[in-house]
Structure formats: structure tokens, C-alpha cells
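As C-alpha cells, the structure follows; a few thoughts come after it.
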Amino acid sequence: MKNSNADMIEEDSYLSSQVKKLSQKINQLLEAVFNQSPDGMMLLDYQGVLLLCNTLTHDMFAKPPQPGDTIETLFEEPNRSEVLGVMNQLQLTSLTENKSTQSLQLSLSDNRQKRVLLEIHITATRIDEETFFIVRMQDITAEKRNEIEMSLLAHAMMSIGEGLSIIDLDGKIIFANEAFYNIFNYPLNSLNSSNINDLCHEDNPNVFKEVIIPESINHNWQGEISCTKRDGSPFPYYVSTSNIKDDKDQPFLIICVGKDITENKNLEAQLQQAHKMEAIGQLAGGVAHDFNNLLIVISGYTDRLISHLAGTPMVRAAQEIDKAAKRASALTGQLLAYSRKQILKPELFDLNDLIHDLYKMLSSLIGENINLRIELHDAPLFILADQHQIGQVVMNLCVNARDAMPEGGDLTISTFIAEKEELKCSTLELKDYNQQYVGLSVQDTGTGMNEDTKNKIFDPFFTTKPKDKGTGLGLSTVYGIVKQSDGGITLESTLEMGTTFYIYFPMHAEEDIDRNISSTPGPNTEKNMHGHETILVVEDEEAVRELVCEMLETYGYNILYALNGVQATEVFKEHGDKIDLILTDVVMPEMGGRKLIENLPNMRANVKVLYMSGYTDNAIDDQGILNPNTEFIQKPFSPSDLLNKVRCILDK
């Protein structure tokens, strides 16, 4: 019996030893499993006491966890309450379920006192009616930061004003921002997985496949391509690209940033057109200036011939020469108008009154088969311009409209106040885009124009009329007058539907400006054209100078002359006390007329000045506008015109 009991005790001892060894092996195995985990691992009993943890948990807490620690010592508030709350819920759940898990995210300080974000998964499991907690912890700080950065990046890409798209090396669209969809007029995200080549114009449908993507794999690419919007309309698209490389430094995605440059192209075309018009204008102005000097000599001597040949058969030939000179003078006037180098005499007037006054004349001008209608703004519309020239603008446009409606039609002239958003002219065509403008429109129901005609319509000598039916200077003259008046002009036209010209002038209040423009002298008689005063004639063109001096000497004036401003200064220094009037050309070498008058020494207050020129060249005023109290005579002039003007100025 005793042996039996001893055997049993020995057996129990052996079993106990084996269980203890097995328990140690299980703990070692569990610890090895924990340490092999890529995450922090902890094992807690039902009271929240730490039984086991791996080494990764040491970096996740400010103080490395040790077996025997509790939830109270491991976590600070408010994290402690949150963890305990989850464990209590899981403990209740484990009574009915063998295993259950909950997750939460906590921010705490690690062993380097840096804030880290941990994602914690707590699993409750029951063994022999006892609950244990397995806690798995992941440091998701970098992942969360990347997620936030990606979110911010995606938001930034969606927010930028230019079209941004990311494509793979086959051209498939992986991502595109809102601006990209707006440019191509597609609903947001509707092009995902589509091929970007499908958005290219049919003229070059494979430009991405054949050019842009191959170039972008090796280096960046940028350039202009032709694309198509959702409705099929083509437009110029400027694209720049860069590639995204994988961890093996191999490109696998292409970033494309682009914008619709339609407006840029239009502005570029307008700028080129403006430069062309300016260049042609300078040429036209120079030709007109030289031609006017010739005409003044032709007209002057022709006038004398007519007087000497009166009553003879040859007078008719002289009269024909005079008529031709006058027609040539009108032609140079049109060239000067286009080149914006004519002299304007601006005054403040109501545009409505001008249109109303022109109505009867226009009705006769356009014929009975055209219905003329005027639609005037209710309130007066004051502009500062040369009233006569603006009348010429309206008549030119109406004549063109008449010619475009040979079978009759409707012609409507309207005035209105043009707000900024209603302006049809671009910023390049108006001097100050932000001010308020008075609008004038002339609309017909005629034949209309194609795009090529519209692009050339203001070019001098361009005409759509049959040969010998027009000079091609009508609309170029209109353009020059409007631009010289600080205005803008544009048009809209459709074939077989008609044309509308829009003109804009800066708006003024009636009380804004009181310009005392010197009035044009009235007709004089030959009796009072004579004089005895001394006149200094300053003119660089020899033939003109000799003719003018001869005209004035014939009528009794004492004449001094100079070839330019520098020589005139010396003449004035010697004879200044005798000179009553200075008749000077505006444009001369070395020193022009305006600079001469400004620099004359000790000029007496009663010395009168009369400028003469074929055009201003900015010498009278920067815009060719005659300043108040400035006396001016336009070349070419007749002897009677000059004598009449001189006498009126001296008699003031």
C-alpha cells in the first residue's frame, strides 16, 4: 500500500513537472510568435494585467511595458478610458461568443516623446471560462500622414485652374481634375479609363501615342496640339508633361498639365493685326504727308494759271488739273484718317442728336428699298470727338450696308450705354477697358461676310466691290477715325444673314469738359485779304516755301523765311521785334514747329502763330487733337484759304 501511494506521488510529481515544462514551452512558443509579428503584441488577463508583450511594444510607449503592468499604468487619459470601455464591451460579448474583436485609433507619445498614431485591435477570447485579451498594435503615423498628404494633393490637383490629367503609357486616363473636364466639356470623372488620344482632333488622332508619350518617357515634353471638345468643336490645347517613376526608376505614369489657349491665340492674332494696321498706317501717313506737299504746289500754281488763263480755251485744262488735285487731296485725307494722323477738332456733343440730324440725309442716301430705323437711347449720350468725322463714320457704314443689300432690306442704327461685360471689343482694342462707353451699332440684313473678309475688312485698299466701284478706303477711314477718338470698333457677320458694326466711345457727362476750340474763320473777300504785317514762314520743303512766300508777298505782306526750326530761331533773334505772325510747318528736320514756338526767346505776347501740316506726327497733340487756342491750317490748302486764315488771325 505504501509503495502504491509512493508510486502515485511520484507519478503526480512527474506529471506536474511535465505540465510545467509544457507550460514553459507554450509561453516560449507564444513569446516567439509575438516577437515574429510585424505589429506590437500584448496579452492581458481579464483584469487588464499584462502577461506578455513583444519587443516592438517597447518603442510604442513612453515607458516600455513590463509583465504585471495594468491598463491604468500603460495608458493615460483619455486613452485609458477608451481602452477600458472597449475591453468591458468585449468581456460581455465573450460570454456568448468565443471570440470577438474591436478596433480603435489612439494618439500617444512613444519612447522618443514623439506623438504617434496607433491602430489597436483588441480580441477577447475565453479559455476555461476565463477571458484573455490579445492586443495587436500598428504604428500608422506615416500611413496616416501619407493619406493626408495624398488627400491634400488630390484636393490641390482638383483645385488648380489648369487641366491636369494622369495617364499610363498606353494613354489611358487614370485621373483628371475638374478643370480638365471643364475644358473638354465632359461630366466629372466620365473619362476615367478612356484613352486620351480619343480627345485629339482628327487631323492628328495619335499625337499622344506617337509623339507625346514616347518623348515624355525620356524627358519632359511641351507644345500645342489640336483637341476636340465634347460637342466636336476643335480648339488649341497647350500641354506640358513629366513622368512618374516606380521604385525601379522606370517611368510608368505621365502627368499632363494643359490649358485651352483659344483666347491667347485670338489676342495674339489681334495684336498681330494691330501691328500690321499700325505699320500700314505709318506708311500711309508718310505717303500722304509727302503727297500733300506736292498737291499744295500743284494747287497753288494751278490757281494762278486759272486766273491768268481766264477767258482763253486753255483755262479748261487748268480747271481739270485743279479738279484732279482736289480729288487727290480727298484721297490723302482718307489715308490720313486711316493712319490716325489727321487733325481732329473735338467737341462735346450728344451722339443721339447727331444720328437724329443725319436721319433725313441717310434716308435719301440709301434709297427707298431699304427700311431705315433708328433706336436711340432714352438719355443723352455725350462723347468727345470731332462731330463732322463721326458723321462721316456713320455715313460710310450706311453706304456699305446699302451696297450689301442690292435687293433691299433693313438697316438699324442704335445708340446705347455699353457696360464692361457687354463690350464686344477686346482689351487690346480699347484704351481703358474699365471705363463706361457709349455704344453705336449699325446693323444690316445684307449678304454678310466670311471669316477671311472679316479679317481684312479694315485693311486699306481692300474691297469686295467690283472694280472702279470703290477705293477700299471707306472702312479703313472709319477705323482710323474711331481709334483716333479713343474708341474701338468691331463687327459680327454671318453669310446671307447680315452684318453689325459695333463702335464704342468713352462716355462723358455734359459738364465734364469745356473745350474752346478755335472756330473756323468764315468766308472773306479779296478786299480784306491784303496786309502789311511781317510774317516769318518756316517750311523745309522748298517748293512749298517759295509758293507760300509768293502768295503772301502778292497780297502786301513782308516775308521772312527759314528752312527749319533752328534757322527760324536765329531769324527771330534778329527780327523778333518786327514779326507779327509765325507761319510754321509742324514736321521738319532738326526742330519741328511746336518745339520751335516753345523755345523762341523773348517772344512777345502779341505774336500770332499759325501751324500748317499734312498730318500731326504727334506734333500738335499726342492724339492729333487740336488744342484750345491753337490755330492750324491743313495741307493742301488753296491761296484763298491761306490768305483768309492769315487775315482772320491777324485781325483778332
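The values are calculated or read from the model by the stated rules, or taken from the named source; none is laboratory data. Remember, predicted model here, so these are calculated numbers, not experimental data. When we count neighbours, we look across all protein chains shown, and the Cβ atoms used for this are built from the backbone with ideal geometry, even at glycine. These accessible areas exclude ligands, DNA and RNA; they are computed on the full protein's heavy atoms, side chains included. Shrake-Rupley method; radii C 1.70, N 1.55, O 1.52, S 1.80 Å.
Observations, loosely collected:
- Selected residue (criterion: modelled with the lowest pLDDT) from residues of segment 524-555 that are in a loop (DSSP other than H, G, I, E, B), under 24 Å from Met603 (Cβ atoms) and open to solvent by 20 Å² or more (accessible area, probe 1.4 Å): Asp540
- Test result for Leu473, over 23 Å from the mean Cα position of the chain (by Cα) and either modelled with pLDDT of 85 or more or farther than 16 Å from Pro346 by Cβ (or both): yes
- Candidate set from segment 587-601 (those that are on the phi < 0 side of the Ramachandran plot and outside any helix (DSSP H, G or I)); member that is modelled with the lowest pLDDT: Pro601
- Hits in segment 372-386 (condition: at pLDDT 85 or above and surrounded by 13 or more Cβ atoms within 10 Å (Cβ to Cβ)): Leu372, Ile374, Leu376, His377, Pro380, Leu381, Phe382, Ile383, Leu384, Ala385
- Residue list for segment 420-468, filter: at pLDDT below 80 and small (Gly, Ala, Ser): Ser426
- Figure legend. Inter-residue proximity from segment 225-254: first residues over 13 Å from Val207 (Cβ atoms), second residues surrounded by 15 or more Cβ atoms within 10 Å (Cβ to Cβ) and aromatic (Phe, Trp, Tyr), beta-carbon distance below 8 Å, spacing 6+ or different chains. Indicated pairs: Lys229/Phe184; Lys229/Phe235; Arg230/Phe184; Arg230/Tyr186; Ser240/Trp221.
- Within segment 59-68, being in contact (Cβ under 8 Å) with a residue 24 or more places away in the chain and open to solvent by less than 60 Å² (accessible area, probe 1.4 Å) holds for Met60, Phe61, Ala62, Pro64.
- Residue match in segment 46-65 (condition: over 21 Å from Asn111 (Cβ atoms), among the hydrophobic types (A, V, I, L, M, F, W, C) and at pLDDT 90 or above): yes
- Residue match in segment 33-45 (condition: among the β-branched types (Val, Ile, Thr), open to solvent by less than 50 Å² (accessible area, probe 1.4 Å) and either out of contact with any helix residue (DSSP H, G or I) (no Cβ under 9 Å at 6 or more places or on another chain) or touching a residue at least 40 places away in the same chain (Cβ under 8 Å) (or both)): no
- Identity of the residue in segment 120-140, in contact with a Phe, Trp or Tyr (Cβ under 8 Å, 6 or more places away or on another chain), surrounded by 15 or more Cβ atoms within 10 Å (Cβ to Cβ) and not hydrophobic (A, V, I, L, M, F, W, C), that ends up nearest to Gln36 (Cα to Cα): Thr123
- Members of segment 157-193 that are closer than 13 Å to Val257 by Cβ and more than 30 Å from the chain's Cα centre (by Cα): Ile167
- Residue list for segment 602-614, restricted to those being assigned to a loop (DSSP other than H, G, I, E, B) and among the hydrophobic types (A, V, I, L, M, F, W, C): Met603, Ala605, Val607
- Scanning segment 562-576 for residues that are out of contact with any Asp or Glu (no Cβ under 7 Å at 6 or more places or on another chain) and within 27 Å of Asn644 (Cβ to Cβ) returns Ala562, Ala568, Val571, Phe572, His575, Gly576.
- Positions within segment 218-234 being crowded, with 16+ Cβ neighbours inside 10 Å and either of a type outside the set (Val, Ile, Thr) or part of a helix (DSSP H, G or I) (or both), in sequence order: Trp221, Cys227
- Residues that are free of Cβ contacts under 8 Å to residues at least 60 places away in the same chain and part of a strand (DSSP E or B) within segment 366-387 comprise Ile370, Asn371, Leu372, Arg373, Ile374, Glu375, listed in sequence order.
- Strands (runs of 3 or more DSSP E) wholly inside segment 100-194 containing at least 2 residues that are at pLDDT 80 or above, within 30 Å of Leu253 (Cβ to Cβ) and among the aliphatic types (A, V, I, L, M): 163-168, 173-176
- Per the conditions (1) of a type in the set (A, V, I, L, M); (2) assigned to a helix (DSSP H, G or I); (3) farther than 21 Å from Asp39 by Cα, the sole criterion not satisfied by Leu95 is (2).
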